[in-house]
1. Just to be sure I understand the model, the point goes 7 Å from the Cα along the line to the Cβ. What's the resulting Q226 to A191 distance in nm?
2. Show me, for the range 173-187, the HN-Hα J-couplings you get by feeding each phi into the Karplus relation (A = 6.51, B = -1.76, C = 1.60, θ = phi - 60°), rounded to Hz, glycine and proline as x.
3. Compute the orientation-averaged projected area for the range 177-216 from the convex hull of its Cα atoms and round it to one decimal in nm².
4. Calculate, in nm to one decimal, what I167 and S129 gain on full extension: separation in residues at 0.36 nm each, minus their alpha carbon distance.
5. Starting from the Cα-Cα distance between A266 and T141, subtract it from 0.36 nm times their residue separation and give me the gain in nm to one decimal.
6. Long-range amide H contacts for L236: which residues qualify at under 5 Å (H placed 1.01 Å from N, peptide plane, sequence gap of 5 or more or a different chain)?
7. Mind listing the long-range amide H neighbours of Q126? Cut-off is under 5 Å, sequence gap 5 or more, other chains count too, H placed in the peptide plane at 1.01 Å from N.
8. Read phi for every residue in the range 207-214 and hand back ³J(HN,Hα) as whole Hz from Karplus 6.51 cos²θ - 1.76 cosθ + 1.60, θ = phi - 60°, with x for Gly and Pro.
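The values are calculated or read from the model by the stated rules, or taken from the named source; none is laboratory data. Computed from a predicted model, the values in this text were never measured in an experiment. FYI the Cβ positions are ideal-geometry reconstructions off the backbone, even for glycines, and counts take in every protein chain you see. We work out accessible area using only protein heavy atoms, side chains counted, and drop any ligands, DNA or RNA first. Shrake-Rupley method; radii C 1.70, N 1.55, O 1.52, S 1.80 Å.
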Amino acid sequence: MRKAVLSIIGFLALAGIVGYVATLGGGTQSSPAGGGVAAPSRAPEKALGAFGSDEGVAGAVVPGTASGGGAGPAAGGGLSSVGTLPPLGPDIVKTAGISIEVKKGAFETAFNVATTIAGRYGGYIQDSSMQGIKAKSGELTIRVPASAFDQAMNDLRGLGSVEGQSISGQDVTSQFVDLNARLRTWEAQEAVLFRLMRRATSIESTLRVQNQLQDVQFRIEQIKGQLRLLENQTSLATIDVSLREVGAVVGIRQTMARERPSLGEAWDRAIDGFLGVIFAVVVGLGYLIPLAAIAFAIGFGYRRYRARPASAA
């Protein structure tokens, strides 16, 4: 009995080791995207064409993407042309963060200068805050024109000692092209529906066209809102500024609270570890059980083969 228990324990331990090794080798293949940024999927938009034969555009489809055939002709000639696309150009969303330490007693002067830097280049202060009595500190979010981004950063560096900074730029040119193409497509469909509205001969047809027209106009406003947001982000750069006097402590309590271990976190890690061990054992059993069955079959056949001559003798 003891040998059987030890054999089972050893078999499970071996299964856990095999499963752990197997998961190390194949665990990184669970994401087919390979860590890249997947392009957002776009479902095809709903067709507009349930107007009957008297409307003349049955089957006109509203594309939902820039490359989804939006420039093709629709039935009735309403979408024969959606205009030319805007010229390609670098549309960059610029963001930066900078942390500056100033001399004792010079915080208010530096804070006021940082506030005026935004106005100097035609920008504005999005938000600001100050704290501290003996040693003061504060934060500002500055929006300046993208063309004055480098000059504003140089002026901010002159306020004191730079403790750290980060600068990033995101190219959104493709988003501009996509949104503008979709906007032209939807506006062309809107013109088709306006013509249908004028040619409608019954209340039922008018209401049907009006419902579709409201949906198209809603989509047009959505795209215009996204374009306005992108234009704001590309035309104005965002700079997060952190100022502090020598001796000012920034974010110590929050950091200590995050670093302090909690019982809930320990419990979560314990559950994750338990499930990880079970997972490794199950994976290992998937490898070992077929191998054990094959080994048993080979051993059983070998014993039968060895025992056959003895029984015949």
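1. For Q226 paired with A191, the spin-label model returns 2.2 nm.
2. Running phi through 6.51 cos²θ - 1.76 cosθ + 1.60 with θ = phi - 60° gives 4, 5, 5, 4, 4, 5, 5, 5, 5, 5, 4, 5, 5, 5, 5 Hz.
3. Computed as one quarter of the Cα hull surface, the answer is 2.5 nm².
4. Length gained between I167 and S129: 11.5 nm.
5. 41.3 nm is the gain from fully extending A266 to T141.
6. Amide H neighbours of L236, under 5 Å, 5+ apart: A146.
7. T141, I142, R143
8. Whole-Hz 3J(HN,Hα) from phi for the range 207-214: 5, 5, 5, 5, 4, 5, 5, 4.
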